[in-house]
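So the structure is just underneath, and the comments pick up after that.
Please treat every number below as a calculation from the coordinates, not as lab data. Because the structure is a prediction, the values reported are computed rather than measured. For neighbour counting, all protein chains shown are included, and Cβ atoms are generated from backbone atoms with ideal geometry for every residue, glycine included.
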Amino acid sequence: MVQKLKAEGFEQFQIVVSEVENKNPNGNIFILFSGSKDTTGQSWCPDCVEAEPVIEKALESAPEDATFIYVGVGDRSSWKDPNCVFRLDSKIKLTCLPTLIKWGTNKRLLDYQCNNLDTVLMMFED
Amino acid sequence: MSTRSLLPQFFCAVERRLTLGIAHRTSCTKTVIRRVSYLKQKSVIALTRRHLISDIQGFIPCQRYTTSTMAPVIPKGDPIQIVDNLIKNNRIAIFSKTTCPFCTKVKELFSSLNLEVAVIELDTRDDGADIQDALLQKTGQKTVPNVFVGGEHLGGCDSTIAAHQNGRLEFLLNKSQAGPKAEMPDDVKYDYDLVVIGGGSGGLAASKEAALLGAKVAVCDFVVPTPIGTTWGLGGTCVNVGCIPKKLMHQAAILGQSISDAKKFGWDVPDSAKHNWHTMVEGIQAHIGSLNWGYRVALREKKVNYLNAFAEFVDPHTLKTTDKKKKETTITSKYILLATGGRPRYPDIPGAREYGITSDDIFSLPYHPGKTLLVGASYIALECAGFLAGIGVDSTVMVRSILLRGFDQQIAELIGSYMAKHGIRFQRGYVPIKLERIEEGSPGRIKVTSQNEVGELLEEEYNTVLFAIGRDACTNNIGIEKANVMLNPRNGKVICDEKEQTNVPHIYAIGDILDGKLELTPVAIQAGRLLAKRLFGGGTMLTDYVNVPTTVFTPLEYGSVGLSEEDAIAKYGANDVEVYHSFLTPLEVAIPKRDDNEGYAKLICVKSLNEKVVGFHILSPNAGEITQGFAIGLKLGATKADFDNLIGIHPTIAEVFTTLNTTKSSGADVLQKGC
């Protein structure tokens, strides 16, 4: 069963990733960067909302030892800030939301690619 | 059209051939019979063969006609029409002159092959000169013989003989005999509409376009590891072991030059600035990795099935694919596209494969190559030597004879001398005969023994030996014989017509494996896209293989489009070619005071075509960027006057082309002095 974790903001994201890396150094880590959800549980980013069920579905085919981390990058205004840390961090360098990354590889899916079940499955099955 | 109305035309054709004066009576009769059976095959004439032959035999006395008294069987009129008619109505059409020994040679060739030819002897007709002009317009070839086979322009004597030797002539003859292509039966169900073998630039372009047009498509791509075990992802040579990493390493070298220039522009750069091989390779490989992934995503998005498996023919419509785990699968396809590309060649000498590497390995080499020998004079050898030297690697190039065969030789030598001035050692006239490992390691030490023409031996130690002596088409291990696809026996390349169609109607080929075409990524992409549009989108456009611009990324880049000076002279004759040229010094190097007059520009013009520019050559920094734009001028038929009318952008290198006013024939000094 894929382990599913959540992180909100950059600091928490870093902590969660390093914990997972330490615990399971050889397991695959998939990270979905999304616009943060508000009190109603809905993200402000419509593409992220669309992608979520697709990714949930594809996760059923992910390898058993994989970890999936859902990361909220903040509200709309903090994301639109060109100095948003998620945009600047050299390991992440986000350019759009949602972005799905296979951690430690060059494999990433950008915006509409995240709500295409075929491409998401390819990411998990690889 | 009724049988009756066709008959006079038919006999006219027979008569015409009989009047040619080159076919002997015996072979003549043979060819007549062949023509008859050909027509029968096409079911356009309902008469019995016997009946026809007896009628034809009645015509044999016509053989009394000779070329000198040749009746004007082709009516005088529009010379373009005359040319087109001869080409259209005859399998083999030759425009010739009775006095030309090369024309005789070509006619003898066809005669020896017992082939029927239709000839117009230009020197026996009043409108001969007009027809020759029409031929020049149509083919760009002014000289005779001018040979056409199956409607396709073959060229002069040399190209005809070459076509006979490399299988192209046979290919065109078979094709023109086959008549209209039989439609593939619709009731056969295949797994795919199109299977592409090879996921390089051309294969990917074709597969994506075909899928967009609704075809069911699969791409088979499998990288056979190099002898030292290097392998890579989806995308083919360009992305993984060619253009992309090459240009990035070229950039690394240019930055090195810029760092030393920077001091002269006031930057406080420490003298200790050193290059780190690992950082560069990691950066480049990370970029390539993201491209590999991007291609896979693109295929998946367009519903192209990507099979990471080695494909080989079982029969013309069936392929066996073998994946990394040796699992075999059989797939069938209505159309099959060969896009397998090429791989570097190793010389057949002891130690080459064991201790040598190639361009397939250098871009991901996990260790600094150390002192490096590059064997070969190809653009790949020179580019690799250039960037290696540029990042501080001790580089030697071993060259058997000339540099950059096939490219403009004046520029090739200028490239060589520039590289020699910039720290690259050349060993001309030598070929390696043996490699021996002296010490293992990363890199180890290799003793290279080489030999010159007179048998003198040379021994030297290197850390890395890179072979760049040529590339071979990957057509020898895909069971191509089971599909009966014709290859040029000399180079293993696939013989195709202008539609990239092989002799097997449902099998096509594009990219580096195409015989007689250019080995360039954008050419393959264009061919792949247009082919897919023709197969699945009702397209009619053919890939235009003429005037394709290209650039060699040596330290000083060399951009060209059109003909080399040698080829222009061969095609138009030295008297009809005018070359305008100038050396040049980019403004940017004036401050560091280096490379004075190392750049060079020339335009090759044809006098009789209103000084139409048929060759454009530039040796300078950023030559690729300069050449791309000017190429459209050549495609549109720009003349020297058009270049003169163009206003330059100051200060640039490219502006030199707007002010070229010294001809090479004048012998005047073209060294640039001041602004």
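Give me the distance in nm between label points sitting 7 Å out from Cα along the Cα-to-Cβ direction at B:Ala162 and B:Glu588, one decimal. Computed distance between label sites B:Ala162 and B:Glu588 equals 3.7 nm.
Cβ screening of chain A for cysteine pairs under 4.7 Å finds these without a partner: A:Cys84, A:Cys96, A:Cys114. If you sort the three axes of the alpha carbon gyration tensor as a ≥ b ≥ c, you get a/c of 1.5 or more for region B:352-469 and a/b no higher than b/c, which makes it oblate. Note on B:His650 and B:Asp596: with the Förster distance fixed at 30 Å, the Cβ-Cβ geometry gives a FRET efficiency of about 0.95. In this simple spin-label model, placing a label point 7 Å from the Cα along the Cα-to-Cβ direction at both A:Ser78 and B:Glu152 gives a separation of 6.5 nm.
Over chain B, dividing the summed -39,500 (n - 2.57) contributions of all DSSP H runs of at least 4 residues by the number of residues returns a 222 nm mean residue ellipticity of -11000 deg cm²/dmol.
Solvent-free Debye calculation, one equal scatterer per alpha-carbon of region B:382-428: log10 I(q)/I(0) at 0.15, 0.16, 0.20, 0.28 Å⁻¹ equals -0.34, -0.39, -0.61, -1.09.
Ranked by the mean number of other Cβ atoms within 10 Å of their residues, highest first, the peptides B:200-210, B:515-525 come out as B:200-210, B:515-525. Close Lys pairs in region B:290-402 (alpha-carbon distance under 28 Å; sequence gap of 8 or more, or different chains): 16. Using a cutoff of 8 angstrom between alpha carbon atoms and counting only pairs six or more residues apart, the relative contact order for region A:3-125 works out to 35 percent.
Between the residues A:Pro53, B:Ala252, A:Ser43, the greatest Cα displacement towards the positive end of the dipole of the protein assembly as shown, with unit charges on the Cβ of Lys, Arg, Asp and Glu, is found for A:Pro53. Using only side-chain charges placed at the Cβ, +1 for Lys and Arg and -1 for Asp and Glu, the dipole size of region B:249-368 relative to its Cα centre rounds to 560 debye. Note on region B:556-658: dipole from Cβ charges, positive end direction compared against B:Leu609, B:Gly648, B:Gly559; the farthest Cα belongs to B:Leu609.
Relative to the longest principal axis of the Cα atoms of chain B, the long axis of helix B:379-390 makes an angle of roughly 10 degrees. What the Cα convex hull of region A:3-125 gives, in volume per residue, is 99 Å³. What is the sum of charges around B:His422, taking Lys and Arg as +1, Asp and Glu as -1, for the other residues whose C-beta is under 12 Å from the C-beta of B:His422? Taking every other residue near B:His422 into account, the sum is +1.
Quick one: net charge of B:Gly370's neighbours, Cβ under 12 Å, K/R +1, D/E -1?
Counting the neighbours of B:Gly370, the net charge comes to -1.
Peptides B:546-554, B:190-198: what's the order by average Cβ count within 10 Å, highest mean first?
Most protected by this proxy first, the peptides run B:190-198, B:546-554.
Each of B:Val670, B:Ile513, B:Leu382 was scored by the projection of its Cα onto the charge dipole of chain B, and the greatest displacement toward the positive side belongs to B:Ile513; charges sit on the C-beta of Lys, Arg, Asp and Glu. Extension gain for B:Ala129-B:Gln628 works out to 176.0 nm (0.36 nm per residue, less the C-alpha to C-alpha distance).
Computed 3J(HN,Hα) for region A:110-126, one whole-Hz value per residue from the Karplus formula 6.51 cos²θ - 1.76 cosθ + 1.60 where θ = phi - 60°, is 10, 4, 4, 5, 7, 10, 9, 4, 4, 6, 5, 4, 4, 4, 6, 7, 4, glycine and proline marked x.
For the protein assembly as shown, what is the charge dipole size about the Cα centre, in debye to the nearest 20, if Lys and Arg each add +1 at the Cβ and Asp and Glu each add -1 at the Cβ?
It works out to roughly 2500 debye.
Relative contact order of chain B: 11 percent, from C-alpha pairs under 8 Å at least 6 residues apart in sequence. Contact order for region B:556-658, expressed relative to its length and based on alpha carbon pairs under 8 Å spaced 6+ residues apart, stands at 32 percent.
Counting only DSSP beta bridges with both residues in region A:3-125, the antiparallel share comes to about 40 percent.
Near B:Thr639, the amide H atoms lying under 5 Å from its own belong to B:Val613; only residues 5 or more places off or on other chains count, and H is placed 1.01 Å from N. Taking amide H as placed 1.01 Å from N in the peptide plane, B:Asn305 has its amide H under 5 Å from the amide H of B:Val217, B:Ala218, B:Val219, each at least 5 places away in sequence or on another chain. Using the Cβ of B:Tyr462 as centre and a radius below 10 Å, the other residues enclosed give a net charge of 0, where K and R count +1 and D and E count -1.
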